[in-house]
Amino acid sequence: MYRFRSVENLIGDYQELEKQQIYCASLDELNDPLEGKMIYFWHGDRIVMENLFKHYLLCLDHVVFLAKLLKDDQGISKDDIPVYLSVDKLPTPKYKQRIHQIYNQFFSDEFIQGYIDFMLQDNAKIYEEEMHVHLKLLHMRAIDAIFNVNAQYGLMQDYKYEKVSINSEFIKLKEKINTKTYNKMMSVINDVLKQMDSTYLLKFKDSIKYQSIYIEFSYMYIEAIKKLTYPNVYVACFMDNCLNSSIWGTYGNNHTGVCLKFKVDNLEPQLDLKCKTAWDSSVGDIYEYERFNLQPIEYVAEFEEVDFFRKLGILSMKQLKEQWYTNDNGELSICSNHLFTEGETWREDYWSIYPKVYLRKLPDWAHEREYRIVLLSNLGFYKDTKDRLLEYKFEDLEEIIFGMKTSREARIKIIEIVEKKCKESKREKFDFYEMMYSSENNQLCKRLVYSINNKLL
């Protein structure tokens, strides 16, 4: 198996060669924006839908206060949205009281109640684009509720807001139109909302933090709450060959990089890697070698669907029941049935799409012939970057291939590092190759340029 690296990663600040490290990247660090994509939809009853809006208000309130601490040129990201927060975790009774007042003001709005009915009509799945529209349409009413309550507490001196009204006749339209017309209408509304974003962009052109609140929050929120469904995944990418010139051009840093060849069983490629496996109160983090499969990427034009309300697998049973599946009267949502009746079946279904989704890419990427090591962060072990640096055994590094434009300085330094490691491990042989163009075959091939042979010493 082959792993392409830049010279900077290999022998620069990161010193991956010296430390024998393989870095597992987050999906956001990869070059395909559709990595790990899942098609989310929201399908449930009034209980979970109202709880979704309560959660939205709780997160928005946090962001509003965060903005108060920021300078105008500082923005807010989806990582600033406290998706794991619940009211019972708030620090003071007064804080909890204020949040409940925000809830009461928001839901006492007749339009909000009618709008939730509107969303639940036909018992249809609400996919991501449509949910963006719903949240965006109600966003200013959420801000209005937060700001009005905050004003009562004397917390509003520094904030600017304006109330936006929506014609209540809008919510009656769904009863009068078919699905196709409804979808077209929502698309048009989305376009109008995008135009409104431009208005706010101009209004708050000098304040990135207000842009985050008025324009971006609804979109960031949808992305952020996906973290409540499945654990984070990190991947290390490999390929089954090193002869593709375009691959050298991209992952080989315009042919100036290096390719590491690892020794694996071709029938079932695996690598032994040292990683964080446990934590002990007396000794701290525990690192051990584990065997990781190098799994092939499937190049297909399809994505898994995720039922958000029924796939909240990250939260505790207590938080699920109290924050998401129960209303103020203590009634349980139908979305909670899996907790009490489906048991093992639900767990099997839950894990069936994970980590399969991280081993799929569109057919456009098929030329990469990629394999991956998938690092599952079930216990939250790998949140820190340092914990995603896995250590391989030097004996498993079979050879190193230089690009056509790898510098002499880099070649010398890499050879010297490997020579030192060979002496320390008493390894007898190690070969270095470089890529070249074969006029005979009209393709790239590799040729031997240097060999360490300790038998001759």
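General observations
- Qualifying residue in region 281-295 (condition: modelled with pLDDT of 90 or more, of a type in the set (A, V, I, L, M, F, W, C), out of contact with any Cys (no Cβ under 7 Å at 6 or more places or on another chain) and surrounded by fewer than 17 Cβ atoms within 10 Å (Cβ to Cβ)): no
- All positions within region 421-457 that are in a helix (DSSP H, G or I) and crowded, with 16+ Cβ neighbours inside 10 Å: 421, 422
- Verdict on residue 225 being surrounded by 13 or more Cβ atoms within 10 Å (Cβ to Cβ), under 24 Å from the mean Cα position of the chain (by Cα) and either among the hydrophobic types (A, V, I, L, M, F, W, C) or modelled with pLDDT under 80 (or both): yes
- Top-ranked residue of region 112-147 - restricted to ones that are at pLDDT below 90 and among the polar types (S, T, N, Q), ranked as farthest from the chain's Cα centre (by Cα): 121
- Figure legend. Inter-residue proximity from region 73-95: first residues within 15 Å of residue 324 (Cα to Cα) and touching a residue at least 60 places away in the same chain (Cβ under 8 Å), second residues hydrophobic (A, V, I, L, M, F, W, C) and outside any loop (DSSP other than H, G, I, E, B), beta-carbon distance below 6 Å, spacing 6+ or different chains. Indicated pairs: 83/224; 83/225; 83/228; 87/99.
- Filter result for residue 136 (buried (at least 17 other Cβ atoms within 10 Å of the Cβ), touching a residue at least 40 places away in the same chain (Cβ under 8 Å) and within 23 Å of residue 40 (Cβ to Cβ)): yes
- The number of residues in region 115-133 that are crowded, with 18+ Cβ neighbours inside 10 Å and aromatic (Phe, Trp, Tyr) comes to 1.
Yes/no per residue for (1) among the aliphatic types (A, V, I, L, M); (2) outside the structural domain of residue 216 (by TED's automatic domain parsing); (3) surrounded by 18 or more Cβ atoms within 10 Å (Cβ to Cβ):
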residue	(1), (2), (3)
9	no, yes, yes
48	yes, no, yes
52	yes, no, yes
58	yes, no, yes
63	yes, no, yes
69	yes, no, no
85	yes, no, no
89	no, no, no
94	no, no, no
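- Qualifying residue in region 75-82 (condition: under 30 Å from residue 235 (Cβ atoms) and surrounded by fewer than 14 Cβ atoms within 10 Å (Cβ to Cβ)): yes
The values are calculated or read from the model by the stated rules, or taken from the named source; none is laboratory data. Note that the structure is predicted; figures quoted are calculated from it, not measured. Cβ atoms come from the backbone with ideal geometry, glycine included; neighbour counts cover every protein chain shown.
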